[in-house]
Amino acid sequence: MTVDKICGIETEFGISGGPENDPITASALIVNAYAQQGRTRLHWDYQHETPGNDARGGTRFESLAPPIEPELANTVLTNGARLYVDHAHPEYSSPEVRTPREAVLYDQAGEEVLRRAVVAVNETLPPALHVRIYKNNSDGKGNAYGTHENYLVDRAIAFDDLVRGMLPHFISRQIITGAGKVGAETDEARGYGATFQISARAEFFEEVVGLETTLKRPLMNTRDEPHANPERYRRLHVINGDASMSPVATLLKVGVTSLLLAYIEERGTRFLPPVPTRPVSAFRAFARDTSLATAVETDTGTWSAVNYQNELYTLLANFAQEADTTTVAPSTEVTELLIEWRALLDDLESDPLRAADRIDWIAKKRIVDGFADRHGLAPSDPKLKAIDLQYHDIAPERSLAARAGLVQLFTPSTIAAAVHTPPSSTRAYFRGMAITKFGDDIVSANWDSIVFDTPEFGLQRVTMNEPGRGTKALTEALFERSATAGDFVVTLTD
C-alpha cells in the first residue's frame, strides 16, 4: 500500500560579497533581513532532530544537528518553510507539499524569498560589498553544496529495496535534471579532461550508500529522520540532485522520483532495470558525456542513461494506467508528467537542442558554446566559468537562465503569493497559518511540532506527526474562530 508522496526541496544557495567577503556573515545578514521583513524571528526547535539515526540500523553519534545560533540565523516563514544558515550558505527548506507541481511552486517561492532578502541587505551596504546569490551547487574551487529532496515513504518498505529500486533512476535522471557545469573541480574529473559536464554534482559523489552529506557523499543517503510518526513512515532524503533553474526539470526531478517510489511500494523491485556494476563510476561517467552515448556495465549487459530512462518511462507509464497513482498527484497531473517526460526523452534521442527550453544543462551549454564560438575561446577559458555562474544568479537583471527561454509553469504573481501563503494540503498549512496569526505567541517550531507560550497555559507543544493532516480543509475553521493563541490551544486540546 503506497502512502501519499508528500515531498519538499531544501536548497543551499551560493553566496558572494558582504562584509569582508565572509559567506557566513553574508548568509546571516540575508536570513536576518528577511526575518525582519517577515516579522518573524522564531527559534527553530531541534529537540526531536536525530540526524545520526541510520536507516541501516544504529546511530552515528558523529552526525549531529549543526551548531547554529537560532536567534541570529534561523526563521520559520509564514508559508511554512524554513530559512536559515547552513554552514556557509543561506538555505531555504520548502514547506511540505502534496504534488510535484506544488514542489516546483514552493521551490520558486524560495528563490523569490532570497531575492527579496538580497534587496533588503544591499540597501544597507555600499555597492562594493553588495551580496549576490546563486542557485547552484559548487563554488568553482572544489566546494560543493546541496539541493536535497525529501519524500514520504512507507516504513514497511525495506531500505535495501529502496536502494535497489532507486539507484538506476538516480544515476541516469541527470540527463533531464542535470544543471550542467563548465569544467571540473575534482582530480578524477580533471583527469578525464572534462570541459562540460551534464551534472554539477556528480563528480563529488564517492559512495553508493552512506549517512554523510558533506564528506564521502553517497548516492543513497541513509539518514533515518522521518519528522513524522516513525512507526509508519520514513523520509527518503535524496542528496544526489542538482539545483534546477528550469521549472520543468524540477517537475520531472520530483515527479518521476515520486512515481517510482509509489511503484516500489506497490509492486516491489523485481521488474526494475539492473543496477550498474559500479554505481558511482556510472553516475560520474554519464555526467561527463554530453553525447549521451556512454553505456555502463550491469549484470545483464550494458545500459546507457537514455536506455535507463526509457525503460523506467515504459514501466511507470503502464503502472499509471493500471494502478491508483493519486498518492503522487491527481491523475491529470500524473498524465501531464508522463507526457512531458516522454517528450524530453524523444528530444534527447533526436535533437537535444530542442530540449534547451526545459533542460538546464542543454540551455547552459548552448549559451556557453555560442559565446566561445563568437569570441574564439578555449574550453578552459575563465570567461566560460563566469558564464556558468551567471546562469545561476537569481537576480533577474543578471541571470542568464532568465534569458534562456526556459518554459515557466507559474506566473510571477502566483509565485509571489506562495512566498507568504502555505500549501493547503499538508501540515505546512497549520504551521504557516499558526505563525501568521499567532506568531507573537509561538516560541519555536519545527517540522513536526509548534511550541506556544500563552498567558493562560504557559508553554504548550502541539505535535504534528501526520504530514497529511493539519490541512486547510481540517483546520481553517479552527483558525477563523480562535481570537487568541489561548483560544486556539484550548480548542486543540479539547
task = Determine which member of the set GLU297, GLU340, GLU349 is assigned to a helix (DSSP H, G or I) and either farther than 24 Å from ALA103 by Cα or in contact with a Cys (Cβ under 6 Å, 6 or more places away or on another chain) (or both).
result = GLU349
message = Considering only segment 264-272, I want to know if a residue exists there that is surrounded by fewer than 24 Cβ atoms within 10 Å (Cβ to Cβ) and aromatic (Phe, Trp, Tyr).
response = yes
query = Right, ASP393: surrounded by 14 or more Cβ atoms within 10 Å (Cβ to Cβ) and touching a Ser or Thr at 6+ places or on another chain (Cβ under 8 Å) or not?
reply = yes
ask   = How many of the residues making up segment 1-25 are under 22 Å from ASN74 (Cβ atoms), of a type outside the set (D, E, K, R) and more than 22 Å from the chain's Cα centre (by Cα)?
value = 4
task = Considering every residue within segment 451-471, establish whether at least one is of a type in the set (A, V, I, L, M, F, W, C), touching a residue at least 12 places away in the same chain (Cβ under 8 Å), in a strand (DSSP E or B) and in contact with a Lys or Arg (Cβ under 7 Å, 6 or more places away or on another chain).
result = yes
query = From ASN229, ASN240, which residue is surrounded by fewer than 24 Cβ atoms within 10 Å (Cβ to Cβ), in the same structural domain as SER399 (by TED's automatic domain parsing) and out of contact with any Gly (no Cβ under 8 Å at 6 or more places or on another chain)?
reply = ASN229
key: Entirely in segment 142-201, the helices (runs of 4 or more DSSP H) that have 2 or more residues that are within 21 Å of the chain's Cα centre (by Cα)   = 159-172, 174-177
ask   = Do we find that LEU219 is touching a Pro at 6+ places or on another chain (Cβ under 9 Å), crowded, with 22+ Cβ neighbours inside 10 Å and in a strand (DSSP E or B) in this structure?
value = yes
request  = Filter segment 271-321 down to residues that are among the small types (Gly, Ala, Ser) and over 25 Å from the mean Cα position of the chain (by Cα) and give me whichever is farthest from LEU260 (Cα to Cα).
outcome  = SER291
query = Considering only segment 321-334, how many residues are buried (at least 19 other Cβ atoms within 10 Å of the Cβ) and not β-branched (Val, Ile, Thr)?
reply = 1
message = What pairs come out if I take residues in segment 366-378 that are under 19 Å from GLY193 (Cα atoms) and pair them with residues that are charged (D, E, K, R) whose C-beta lies under 9 Å away, six or more apart or interchain?
response = VAL368/ASP388; ALA372/ASP381; ALA372/LYS383; LEU377/LYS383
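The values are calculated or read from the model by the stated rules, or taken from the named source; none is laboratory data. Quantities reported herein were computed from a predicted structural model and do not represent experimental measurements. Virtual Cβ from ideal backbone geometry, glycine too; neighbours counted across all protein chains shown.
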